[in-house]
Amino acid sequence: MRIELFPSATLARYLARQFVIWILGMLLILVLLLQTLDLLSESGKILGAAGNGQAELWHYVSLRVPQLVQRFLPYSVLLATIITLATLNQNSEVIAMKAAGLSAHQVLAPLLASAAVVSLLSFGFNERVVTRSSATLKVWQAREYGPVPADSGVRANVYLRDGPNILTAGTVSGTGAGIRMENVTWYRRDATGMVLEQLRSPRASYANPGWRLESPKQFDIASTHSGSLPSIVVAQDVFPQQVAISKVDPDGEDIISLHRSIQALKASGRRTSELEGKWWHKFSGPLSALLMPLLGAVAAFGLARSGALLVRSIIGMALGFAYFVVDNAALAMGNFGGYPPLVAAWGPFLLFLLVGMTVLIRTEE
C-alpha cells in the first residue's frame, strides 16, 4: 500500500503557512527584545570611543542581529511548533484531520518539510552572513569599538608562545613578513611560569627574526619599577607562519576556511579536536530546527478538553530545551577531549531524533 505524506495539498499548505508565520513572528519578537537589551548594555562602550555616533550604533546592530538570528532561530521553531500544534488541537482541527484518515506522521509532515527548508536556509545564512559579521564584530570589540584597519585578514586576541615567554596582540593584520600587531604585550617568564617582566607596546612589526616593539613600556615585577624603553626586539622564536595559524575563530570562518585552518594546525602538530567539533556542528546545528516538530509533537495529540493540553505543551517545550542543554554540554565535553569531535557534534542530534521518533510512534499507536 502506498503511503502519501501529503494526501491533501491544500491542507499541507495551510499547516505549513501557519507554522512559518509563527516561526517568523517568534523570531522577530526574540531578536527585537534581545537586541534592545544588548544595545542598551553596549551603547555606552560604543559611544565612548572617539568619533563614534549614531551610525556606529546602527553598524553594531547590523553585525549583532545575524548572531541573534543564528542562535535563536531553533528556539523560534520550537515555540512555533508548540503554538501551532496546541492551537490546532485546541480548535479540534487535529481531531478532524485524524477522523479524515490522516496519521500522526501525515499531520506533522508539512511542519517537518517546512523545518527542513528552514534548516537549509539557516545553514546558508550562517555560512554567508553570520561568519562574516562575527569576525568583523570580534575585531571591532577587540579595538574597543575604534577604527578597524581596512584589512579583511584582521584577527583579534592573538596568543603566541615564545618558549617559556608569552606574546599577545589585540589585533593582527597583514600576511607574511608584512604582519603588523597592535596592542602588543610580551611577558618574560621563568622556568616555573612566573612572570618576571612585562613589555607593552602599541605596535609591533616583524624584524626577521623576532618582533620589534615600538616605544615599549616596561614593568619589572620584582622591583615594581616601570619606565619607557627604546624600540626592542623580542620573541625571536616566533615566525610569521606561526602567527598565521595562531588564532582560528570557528565562528568567524566558513566550513571551507575552517577546514583549511584545521589541516594547517594538524600539519604543525597542534591539537584540533575543539575546532573539529565546531566544524561538524556547522552541519548539525542548523538541523536542530528539523527536530523541533518531532519534539513538540506531543502537544498535537490527545483531547484538548482533558485539561492536559498545557501539560503536554510544557513537556514538548521541555524536550526542546533539553536538546539545547545536552547539545551545549556535549560541545563543552568535546572541547575538553571527553568526547570525539564527531560524537560531540552529532550525538545530541541523533539521541533526540530517536526520542522524537519514539514519541511520534507511541502517539501513532
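Across L291, L73, L102, mean-square fluctuation computed from a Gaussian network of the chain (C-alpha pairs under 10 Å connected) peaks at L102. Less than 5 angstrom separates the built amide H of S103 from none of the residues sequence-distant by 5 or more or on a different chain. In the chain, Cα pairs under 8 Å separated by at least six residues give a relative contact order of 17 percent. Expressed as a fraction of 2.2 N^0.38 Å, the C-alpha radius of gyration for the range 1-93 is 1.60.
Ordered by the number of other Cβ atoms lying within 10 Å of each residue's own Cβ, fewest first, Y159, Y14 fall into the sequence Y159, Y14. Cα axis of helix 309-335 to longest principal axis of the chain: angle in degrees, 0 to 90, nearest 10? So the inclination is approximately 30 degrees. Relative to the dominant Cα principal axis of the chain, helix 104-125 is inclined by about 20°.
Only Cα pairs under 8 Å and 6+ residues apart enter the sum, and on that basis the relative contact order of the range 155-271 stands at 20 percent.
Cα axis of helix 9-48 to longest principal axis of the chain: angle in degrees, 0 to 90, nearest 10? Tilt of helix 9-48: around 30 degrees.
Among M357, M333, the order by Cβ neighbours within 10 angstrom, fewest to most, reads M357, M333. Taking label positions 7 Å along the Cα-Cβ direction at both A9 and E197, the computed distance is 7.9 nm, reported to one decimal. Taking the Kirkwood radius as Rh and the Cα radius of gyration as Rg, the chain has a ratio of Rg/Rh equal to 1.10. A Förster radius of 41 Å, combined with the Cβ-Cβ distance separating K217 from A329, puts the computed FRET efficiency at roughly 0.45. Multiplying the residue separation of W58 and A96 by 0.36 nm and removing their Cα-Cα distance gives an extension gain of 8.8 nm. As a rough guide to protection, the peptides 114-122, 187-195 ranked by mean Cβ packing within 10 Å, highest first, stand as 114-122, 187-195.
Rule-based calculations on the coordinates, nothing more; no lab input. Keep in mind it's a predicted model, so treat the numbers as computed, not measured. Glycine also receives a Cβ, built like all others from the backbone with ideal geometry; neighbour counts cover every protein chain displayed.
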